[in-house]
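Asks: I'd like to ask you about the structure that follows.
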Amino acid sequence: MSLQPSHSDKFDTFYRVLALATCCAFGLIANVGVSRAQHYPTKSIRLIVPYAPGGSTDALARLIGQRLSDKLAQPIIVDNRTGANGNIGTEIVAKAQPDGYTLLMAFDATMVINPSAYGKLPFDPIRDFAPITKVAALPLILVAHPSFPANDTKELIAYAKQKPGVNYSSSGHASTPHLAMLMFEQRTGTRFTHIAYKGGGQAVIDVLAGQVPLLATAIPTVQAHMKAGKLKGIALTSAKRHAAVPDVGTFAEAGLTGFDVSAWYGLLAPARTPKPIVTQLHNEVVRILATPEIKERFLTTIGGDPVGNTPEHFAADIKADIARWSKIVKESGLKIE
């Protein structure tokens, strides 16, 4: 009897060795990834803000970035990369190395409205990012010049139906305030004329001067003017009233059931960032958001509330918001070339 291995046995041995080598290779790669995550971070982290310095996204990034830097014992460098309604800075993060050293402080309009408003984006908000946590949510407010006839939601609807095409302004085309007003039009059968500004500063100046009767914006932008009696609050877009302006009612209170629009800010990393790094960042940011100091600063800085949900919940929120705004955009015919 021959003791030489058969041709079949040789192939079996070859494939067993190949399979073992492949497993070892994948194991080494996985171990390298785990090792890197265990030693993260070892250098400075770049936090991309896709909007200009001085705005609410920038202020929030610097506030959280400083606290996170203290926790991680590494510098957090805020890098403002503006342009194209936030698309330029967001694309940079989408294409960055997924190693935890490039992060994004996102504003919701770029992530969940732009996918429907633009014909084509250089990034996919679901595929190209690893959500870490929603950092803050803030209700929007519709304010008016004191001379404007309507004082609340019901009076506004009645006035708009008598005089269709009333002007209102916002901080930009396809911004969250703009979409909230489009939703309001669709829910009430009214029609307004949108005047888009590049940023909120000039929009506030013009409504104070009475050149534009209405402005949809964030609470801190107009809170001081409301206290001084230079502007009046018509309604909030959130489901509940807000402590910063307790006397202003909501659209929902006036009978628009389920009307709940809050803009949000969130922290994201590039897709395929190792899960231990995402978890570490999530845990640290959530601890920061839970401090009384941050809650107070949020109220005074952006007029919003800290959130700190899980990466999974944040990812689900992004998907749900994309679906919601795509319907509003489609029905309105809104497009940005």
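Asks: Could you tell me whether segment 59-105 comes out rounded, prolate or oblate from its Cα gyration tensor? Rule is a ≥ b ≥ c as square roots of the eigenvalues, rounded for a/c under 1.5, then prolate if a/b exceeds b/c, otherwise oblate.
Replies: It comes out oblate by the Cα gyration axes.
Asks: Mean separation of Cα pairs under 8 Å and 6+ residues apart, divided by the residue count of the chain: what relative contact order is that in percent?
Replies: Result for the chain is 25 percent.
Asks: Give me the percent of DSSP beta bridges within the chain that run antiparallel, rounded to the nearest 5.
Replies: 60
Asks: Give me the distance in nm between label points sitting 7 Å out from Cα along the Cα-to-Cβ direction at A323 and K240, one decimal.
Replies: Here the answer is 2.5 nm between the modelled labels.
Asks: Just the number please: accessible area per residue for segment 86-222, 1.4 Å probe, all protein chains included, in Å².
Replies: 36
Asks: Next question. What value in Å³ per residue do you get for the convex hull of the alpha-carbon atoms in the chain?
Replies: Looking at the chain, the number lands at 166 Å³ per residue.
Asks: I want to verify a result. In a Gaussian network model of the chain, Cα cutoff 10 Å, which of these has the top mean-square fluctuation: V166, V222, V49?
Replies: V166
Asks: For the chain, what % of the accessible area comes from carbon and sulfur atoms, probe 1.4 Å?
Replies: Carbon-and-sulfur percentage of accessible area, whole number: 56.
Asks: Then there is this: Show log10 I(q)/I(0) for segment 122-207 at q = 0.22 Å⁻¹, two decimals, from a solvent-free Debye sum over equal Cα scatterers.
Replies: Computed log10 I(q)/I(0) values: -1.16.
Asks: Using the Cα centre as the reference, give the magnitude of the dipole from point charges on the C-beta atoms of the chain (Lys, Arg: +1; Asp, Glu: -1; all else neutral), rounded to the nearest 20 debye.
Replies: Computed about the Cα centre, the dipole is about 160 debye.
Asks: Taking the Cβ of G233 as the center, what net charge do the other residues with Cβ under 10 Å away carry, scoring Lys and Arg +1 and Asp and Glu -1?
Replies: -1
Asks: On to the next question. Given the rule -39500 (n - 2.57) for each run of at least 4 DSSP H residues, summed and divided by the residues of the chain, what is its mean residue ellipticity at 222 nm, to the nearest 500 deg cm²/dmol?
Replies: Here the helix-only value at 222 nm equals -14000 deg cm²/dmol.
Asks: Can you tell me what the convex hull of the Cα atoms of segment 103-157 projects to on average, as an area in nm²?
Replies: 6.5
The values are calculated or read from the model by the stated rules, or taken from the named source; none is laboratory data. Bear in mind the structure is a predicted one, so any value in this text is a computation, not a measurement. FYI the Cβ positions are ideal-geometry reconstructions off the backbone, even for glycines, and counts take in every protein chain you see. Just the protein is used for accessible areas: all its heavy atoms, side chains included, with ligands, DNA and RNA removed. Shrake-Rupley method; radii C 1.70, N 1.55, O 1.52, S 1.80 Å.
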